[in-house]
Each structure stands twice: as C-alpha cells, then as structure tokens.
Amino acid sequence: MPDAITVSELARSYGAVRAVRGISFTVGRGEIFALLGPNGAGKTTTLEILEGFRGRDAGQVEVLGFDPADRATGRVLRERIGLVLQDIAVEPYLTVRETLARNAGYYPAPRDVGEVIALAGLAGQERTKVRNLSGGLKRRLDLGLGLIGDPDLLFLDEPTTGFDPSARRDAWQIVRGLRGCGTTILLTTHYMDEAQALADRVAVMSGGRIVARGTPADLGGRDSAQARIRFALPRGYAAADLPTGATAVAGDGLVTVRTSAPTETLHQLTGWALDRGLTLDRLTVDRPSLEDVYLGLTGTAAAEDPVERSDR
C-alpha cells in the first residue's frame with residue numbers, strides 16, 4: 001500500500017527564519033512514527049503543514065494521498081485524520097459526553113461516544129463539565145476528541161503532557177491498540193521513553209533539518225555503540241588499578257568502562273574483584289540510551305536557530 005505520509009524536500013520560512021530546511025521522510029500505513037526534536041527544531045511547522053493549517057514554500061507533501069494545501073480536498077482529508085494538539089479549545093460548560101457528542105457530528109462515520117469515553121479512560125466523568133476536569137483528565141478528553149472521528153491517521157502532539165506515570169502507561173496502551181487496529185500515528189514527544197515504547201521508527205529534527213532517522217533501537221548507531229560498564233570503585237583502589245581501561249571517577253562516585261566486548265570485559269572485572277574479595281557495588285551494563293543519542297544529536301543545534309513560531 002502507498003505510504004500514509006510522504007514528504008519530499010519540504011521547506012518553510014518566516015521572513016529570515018528558515019523553520020524547515022528541505023526535509024524528507026515517509027510514514028507507512030499502520031505505523032507509529034515519532035518526530036523528535038527540541039523546541040524550535042521545526043516540528044510544529046512540519047505538523048501544521050501536514051495537517052493543512054499552514055502552507056509551504058517548497059517541496060511535495062501527500063497525506064493519505066491528498067495534498068493538505070489543496071482546499072478542494074481539504075474537507076475529505078479532515079474527515080480522515082484526527083488531531084490531539086498541545087492545546088485544544090473546548091467549551092468549558094459542556095460535559096465530557098456533550099463535548100464528544102458534538103464533535104462526533106462533524107464526521108460521517110464517527111466512533112460511538114461511549115466507546116471513546118471508555119477508550120480514553122474517561123469512564124465516570126461523562127457528566128463532568130470540562131471546566132471541572134483536572135489537567136490530566138482534560139488531556140484524556142483531548143485524546144478522545146482525536147479519536148471520535150475514527151481516523152485513518154492520528155496526529156499526537158505531546159499527548160501525555162500532564163499525565164502521571166500510571167496515566168501515561170494507560171495512554172500508551174491506547175496508542176498501541178489503535179496501531180493494532182490499523183491506525184497510522186504521527187507522534188511528537190519530549191519523553192524519550194515514550195518514543196522508545198511506542199514508535200516503530202523515529203526521525204530527529206534540529207535546526208529545521210532531519211539529523212537522524214531509524215528505529216529506536218538503532219538510531220544514531222545505538223545498536224553498535226560500545227557498551228558501558230559502571231560500578232562504584234572499591235575503597236582503597238584507583239581506576240588505574242582495574243584490569244581494563246576506565247575513565248576517572250565521576251561525580252556520582254562511579255567509574256565507567258567502555259567496551260565493544262562487554263561479556264569478556266565484565267568477566268575480567270568480576271574476576272579481578274573476586275580474586276581480591278571485593279564487591280562491585282551499583283554494577284550496571286548498558287549501551288547509550290535513546291535519550292543519550294538524542295541529546296548528542298540536538299544538544300548544540302537547539303541554541304543556534306531562532307525558535308519557530310506558531311499561531312495554530
């Protein structure tokens with residue numbers, strides 16, 4: 001099947017500010033695709049173009065086979081997509097059920113309101129007015145509004161902001177369930193564990209460009225990067241006493257050994273400790289996390305470009 005989203009050499013500027021600089025990517029049908037990047041990277045402008053809220057200066061864009069800038073097909077496209085934006089304006093004096101029922105009327109074949117209430121975790125809040133909802137429950141309502149039209153493609157812009165850890169995990173289950181039913185999802189998030197848990201593929205934007213793309217497991221060479229063995233240096237010993245190379249003791253009291261052969265290196269270290277009757281406290285073995293890679297890719301570029309603006 002053709003991709004749900006195709007972007008080729010997309011560019012958009014605001015005066016002298018080049019918010020998006022010739023980016024290209026695709027999102028497959030039924031895929032969860034995460035677009036990551038710091039504030040000002042160009043994510044919001046990119047989403048607004050894909051959603052049809054903003055025009056582009058150059059490049060080609062197709063969303064579900066339509067050009068989102070084409071007004072002649074705009075209504076057909078809007079009926080097939082769902083939006084969970086960072087801030088959705090809703091009538092504060094309507095109840096949860098009334099809000100969802102009203103929005104259901106905008107679509108030719110909406111989901112059942114009761115089904116959406118259950119799916120969004122709003123059971124028991126049906127008669128609560130929007131103004132009386134907590135921040136987390138309002139965000140659940142935002143999610144429900146994105147789902148009410150039974151979309152083929154769902155845009156999730158920072159969907160779990162304001163959620164406690166339990167609510168975030170519940171939201172993840174909802175997103176996975178939607179993907180299981182064939183819904184394509186384009187996700188933005190500042191939570192790297194969220195991207196790790198949900199996304200099939202990710203792209204990282206910085207300074208208006210895509211600086212890396214891949215799966216959460218292999219982005220930026222994570223899958224082939226050196227492993228890190230960390231532990232507390234035993235009392236009376238220095239890093240130079242270890243049988244393998246180690247960095248100096250860090251501020252958290254741990255030393256780090258980097259290696260391409262973690263099994264062999266760990267065997268050397270534990271053997272060295274056992275021979276001396278020592279314990280390597282706080283011992284961990286890992287590779288660079290998605291957050292480590294993300295910070296390495298975006299840590300300096302975020303300060304080099306003006307922050308993109310949005311009046312969505």
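In segment 1-58, which residue that is among the basic types (K, R) and in contact with a Gly (Cβ under 6 Å, 6 or more places away or on another chain) is nearest to L186 (Cα to Cα)?
In the first step, residues of segment 1-58 are kept if they are among the basic types (K, R); the result is 12, 18, 21, 29, 43, 54, 56.
Then drop every residue that is not in contact with a Gly (Cβ under 6 Å, 6 or more places away or on another chain), which leaves 18, 21, 43.
Numbers: R18: 23, R21: 20, K43: 11 Å.
Out of the qualifying residues, it is K43.
For segment 6-13, the criterion of a residue being of a type in the set (S, T, Y) and touching a residue at least 60 places away in the same chain (Cβ under 8 Å) is satisfied by no position.
Condition first: part of a strand (DSSP E or B) and surrounded by 15 or more Cβ atoms within 10 Å (Cβ to Cβ). Can you find one or more residues in segment 37-45 that meet it? It would help to see each step written out before you state the result.
Just the residues of segment 37-45 that are part of a strand (DSSP E or B), to begin with: none.
Scanning segment 37-45 turns up no residue that is part of a strand (DSSP E or B) and surrounded by 15 or more Cβ atoms within 10 Å (Cβ to Cβ).
Note on segment 114-146: residues that are touching a residue at least 60 places away in the same chain (Cβ under 8 Å) and either at positive phi or in contact with a Leu (Cβ under 6 Å, 6 or more places away or on another chain) (or both) amount to 1.
Does I5 count as out of contact with any helix residue (DSSP H, G or I) (no Cβ under 6 Å at 6 or more places or on another chain), under 23 Å from R176 (Cα atoms) and among the β-branched types (V, I, T)?
Numbers: out of contact with any helix residue (DSSP H, G or I) (no Cβ under 6 Å at 6 or more places or on another chain): yes; under 23 Å from R176 (Cα atoms): yes; among the β-branched types (V, I, T): yes.
Yes, satisfied.
Criterion applied to G208, G214, G182 was being at pLDDT 90 or above, in contact with a Gly (Cβ under 6 Å, 6 or more places away or on another chain) and assigned by TED's automatic domain parsing to the domain that holds L10, and the one residue passing it is G208. Looking across segment 62-83 at every residue that is surrounded by fewer than 22 Cβ atoms within 10 Å (Cβ to Cβ) and touching a helix residue (DSSP H, G or I) at 6+ places or on another chain (Cβ under 6 Å), the one that is nearest to L295 (Cα to Cα) is identified as L83. A search for C-beta distances below 6 Å between a residue of segment 75-88 that is among the small types (G, A, S) and any residue that is part of a strand (DSSP E or B), counting only pairs 6+ apart in sequence or on different chains, returns G82/L154. Residue-level analysis places I32 outside the set of residues that are in the same structural domain as G207 (by TED's automatic domain parsing) and more than 14 Å from the chain's Cα centre (by Cα). Of the listed requirements (1) among the polar types (S, T, N, Q); (2) surrounded by fewer than 22 Cβ atoms within 10 Å (Cβ to Cβ); (3) within 26 Å of R176 (Cα to Cα), S13 misses just one: (3). Within segment 1-54, the only residue that satisfies the criterion of being in contact with a His (Cβ under 9 Å, 6 or more places away or on another chain) and hydrophobic (A, V, I, L, M, F, W, C) is L36. The set of residues from segment 277-299 being without any contact (Cβ under 8 Å) to a residue 40 or more places away in the chain and in the same structural domain as L242 (by TED's automatic domain parsing) comprises just one member, G277. If only one of E79, E48, E98 is of a type in the set (D, E) and within 26 Å of A212 (Cβ to Cβ), which one is it? Every option except E48 fails the conditions.
The values are calculated or read from the model by the stated rules, or taken from the named source; none is laboratory data. The shown structure was predicted, so the numbers you read here are calculated from the model rather than taken from an experiment. Every residue, glycine among them, receives a Cβ derived from its backbone with ideal geometry; neighbour counts consider all protein chains shown.
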